[in-house]
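Data block below; observations after.
The values are calculated or read from the model by the stated rules, or taken from the named source; none is laboratory data. If you're wondering where the values come from, they're calculated on a predicted model, not measured in any experiment. Cβ sites come from the backbone with ideal geometry, for glycine too, and all protein chains shown count toward neighbours. Accessible surface is based on the protein model in full, side chains and every heavy atom, while ligands, DNA and RNA are left aside. Shrake-Rupley method; radii C 1.70, N 1.55, O 1.52, S 1.80 Å.
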Amino acid sequence: QFFVFCHGLLQLSQLLVSGYLKSSISTIERRYGLSSQTSGLLASFNEVGNTLLIVFVSYFGSRVHRPRLIGCGAILVSLASFLMSLPHFITGPYEYDQSVASTFSNTTDLCQPGAAGPWANLSAASCTPRASRENHEVLLVMFVAQVLLGVGGVPIQPFGISYIDDFASERNSPLYLGILFSVTVIGPGVAFMLGSAMLRFYVDIDKVGAAEVQLTNKDPRWVGAWWLGFLVAASLVALSALPYFFFPREMPREVGEVLHTHTQLGFPVVLLRNLRHPVYLLVVLAQVNISAMVAGLATFMGKFLERQFSLTASLANMIIGAVNIPGAMVGIVVGGAILKRFQMSLRQCSALCVLGMLLCLLGAFPLLFLGCPTQRVAGVTYWDSSGFGHHDMECNAQCHCPERGFNPICGSDGVEYTSPCSAGCRNVNIGTNSSVLNYTECSCIPGPGLARPGTCGTGCSHLFVPFVVLSCLAGILASTSHTPSFMLILRSIQPEDKSFAVGIQFMLLRVLAWMPGPVLYGSAIDTTCILWERRCDRRAACRYYDNTLFRQRYLGLQFFFEVGAF
């Protein structure tokens with residue numbers, strides 16, 4: 001029982017690492033200028049290290065000191081998590097365009113007619129050889145950390161489960177495995193809540209004083225302390241790893257036990273026998289579709305909520321961790337309970353799966369229409385009659401704005417401008433704690449020429465609650481098919497192939513869903529970008545998406561996989 005407790009704790013902390021990355025992905029994109037395709041690849045890269053080794057591990061399972069190997073794997077996971085936060089410590093402080101001169105930047109982004117000076121150096125100085133080298137180093141460190149995370153995670157689940165199953169009584173084994181399974185479902189929820197808590201702090205909380213931070217967490221330039229969660233998770237994993245070095249290679253069995261011996265057939269024989277089994281193959285393919293959907297959802301749902309409903313990263317994570325993931329847990333439990341209550345046959349199991357997916361489709365379809373178009377951004381999504389957006393524009397031609405300035409402001413006319421300079425604002429009013437109150441004398445904004453800092457937002461808050469309710473409902477319905485689909489696999493294959501068939505199933509899910517899923521979603525999201533940030537002449541993170549296209553392609557992909565599963 002102590003082993004089960006330790007293993008639950010370790011699995012929770014391990015999931016905290018991989019789940020936390022997903023919760024902070026939009027922040028890491030903004031901080032290091034990554035496209036969603038790159039960040040999707042990063043998020044799924046731990047599966048690479050995992051998949052390479054998982055076959056060997058299942059094969060050598062019984063010949064090694066399992067607890068000690070789990071401990072070593074956990075130490076590796078802990079190191080990987082520390083490594084994930086390293087980029088924060090090897091790069092300089094986060095820099096952004098601002099209207100108030102500060103200690104690390106004396107340039108401001110107001111309109112300064114005739115003075116090409118302060119502006120000229122801003123766009124040129126930002127690309128030193130060090131800056132471009134830093135970017136490669138950051139990506140390299142993160143990808144290596146992800147591979148190590150995958151490799152370290154290899155022994156943890158299979159060895160833990162086989163160790164428990166070997167030494168628990170037949171009566172208790174399902175209970176113990178059930179506890180572990182519920183932990184693996186709770187884990188991601190805890191990870192998103194951790195993300196929600198950490199991203200409220202400013203990224204350079206350890207490098208600059210609180211007085212110098214001029215951003216609030218609602219600002220589009222805000223970057224939260226993404227690295228902090230990795231330190232927390234790494235410490236937890238390291239603590240959980242300690243007891244494993246003191247467990248014995250073998251334990252006395254719990255009482256009431258019958259030993260089963262397995263005949264070992266050749267690898268290819270069993271593989272072909274399972275893959276030729278139509279029920280096995282079809283159910284695994286359905287699970288591949290559901291997993292691909294979940295992989296993309298988990299990685300980019302936060303980003304989607306941030307952009308579509310103008311939420312902070314912190315709030316988006318809170319919603320996912322407190323609403324969507326618990327919803328999926330409820331679905332899994334309900335599906336299992338229906339199975340147990342009605343003692344279902346295989347045919348009834350498959351009917352339950354089909355029904356769950358059908359209802360899920362009905363709930364998910366309206367989501368495609370719950371959203372708002374992109375806000376009007378001058379020169380990006382909106383051109384007025386005065387010809388805004390052309391280089392010979394009358395209203396800010398004399399400002400000499402840099403092309404890559406980004407400090408969005410919202411004009412009194414409800415149009416957003418990418419920077420005070422592009423709106424032709426010549427004056428800024430500062431509040432007590434050096435925060436910007438408003439901008440005045442903006443030559444591009446009609447009427448009083450006033451603007452407030454920050455984005456205008458999508459004006460979509462009224463659709464937010466219906467969206468969350470429907471998506472949670474669709475998630476509950478889809479996850480009711482989880483347990484019956486596993487039953488279909490376990491009951492339709494020969495008993496001696498069971499563990500092998502489950503191994504192959506997880507392998508196929510990894511290769512066909514968890515690895516390509518986030519990359520596919522990321523690429524789809526990238527195609528909807530309308531304004532890219534540029535760093536050192538490379539395309540960096542996306543500044544503005546076409547919100548309607550983003551929603552249609554992101555949720556459309558999700559819907560496609562749900563239909564596939566159905």
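Descriptive notes on the structure:
- The C-beta contact set for the stretch 364-380 (first residue touching a residue at least 24 places away in the same chain (Cβ under 8 Å) and closer than 14 Å to Cys529 by Cα, second residue of a type in the set (Asp, Glu) and not in a loop (DSSP other than H, G, I, E, B), distance under 8 angstrom, 6+ apart or interchain) comprises Gln375/Glu416; Val377/Glu416.
- Top-ranked residue of the stretch 86-110 - restricted to ones that are in contact with a strand residue (DSSP E or B) (Cβ under 8 Å, 6 or more places away or on another chain) and at pLDDT 75 or above, ranked as farthest from Pro129 (Cα to Cα): Leu110
- When the test is whether a residue is under 18 Å from Asn135 (Cα atoms) and in contact (Cβ under 8 Å) with a residue 24 or more places away in the chain, Ser35 passes it.
- No other residue among Asp219, Asp206 is within 23 Å of Thr27 (Cβ to Cβ) and either assigned by the TED database to the domain that holds Lys303 or without any contact (Cβ under 8 Å) to a residue 60 or more places away in the chain (or both) apart from Asp206.
- When restricted to residues that are aromatic (Phe, Trp, Tyr) and surrounded by 21 or more Cβ atoms within 10 Å (Cβ to Cβ), the stretch 512-566 contains 7.
- For the stretch 142-163, the tally of residues that are among the hydrophobic types (A, V, I, L, M, F, W, C), in a helix (DSSP H, G or I) and open to solvent by less than 30 Å² (accessible area, probe 1.4 Å) stands at 5.
- Those residues of the stretch 139-168 which are closer than 18 Å to Pro248 by Cβ and small (Gly, Ala, Ser), in sequence order: Gly160, Ser162, Ala168
- Matching residues, the stretch 395-408, being touching a residue at least 24 places away in the same chain (Cβ under 8 Å) and either open to solvent by 20 Å² or more (accessible area, probe 1.4 Å) or assigned to a loop (DSSP other than H, G, I, E, B) (or both): Cys395, Asn396, Gln398, His400, Cys401, Pro402, Glu403, Arg404, Gly405, Phe406, Asn407, Pro408
- Given (1) modelled with pLDDT under 95; (2) closer than 29 Å to Glu533 by Cα; (3) in the same structural domain as Leu194 (by the TED database), number of the condition Leu83 does not satisfy: (1)
- Within the stretch 28-51, the set of residues being under 18 Å from Leu228 (Cα atoms) and open to solvent by 30 Å² or more (accessible area, probe 1.4 Å) comprises Arg30 only.
- Subset of the stretch 281-312 [in a helix (DSSP H, G or I) and over 30 Å from Ala501 (Cβ atoms)]: Phe300, Met301, Gly302, Lys303, Phe304, Leu305, Glu306, Arg307, Gln308, Phe309
- In the stretch 293-317, the residues that are of a type in the set (Gly, Ala, Ser) and closer than 18 Å to Leu15 by Cα: Ala295, Gly296, Ala298, Gly302
- Condition met for Phe201 (modelled with pLDDT of 90 or more, open to solvent by less than 20 Å² (accessible area, probe 1.4 Å) and among the aromatic types (Phe, Trp, Tyr)): no
- Answer residue from the stretch 313-367, given it is at negative phi and not in a helix (DSSP H, G or I) and is surrounded by the most Cβ atoms within 10 Å (Cβ to Cβ) among those: Met344
- Tabulated pairs, the stretch 442-462, first under 23 Å from Leu215 (Cβ atoms), second charged (D, E, K, R) and modelled with pLDDT under 90, C-beta under 7 angstrom, 6+ apart or interchain: Ile445/Asp413; Gly454/Lys218; Gly454/Asp219
- Contacts under 6 angstrom Cβ, first residue in the stretch 143-160 being touching a residue at least 40 places away in the same chain (Cβ under 8 Å), partner surrounded by 21 or more Cβ atoms within 10 Å (Cβ to Cβ) and not in a helix (DSSP H, G or I), 6 or more apart: Phe143/Phe45; Gln146/Phe45
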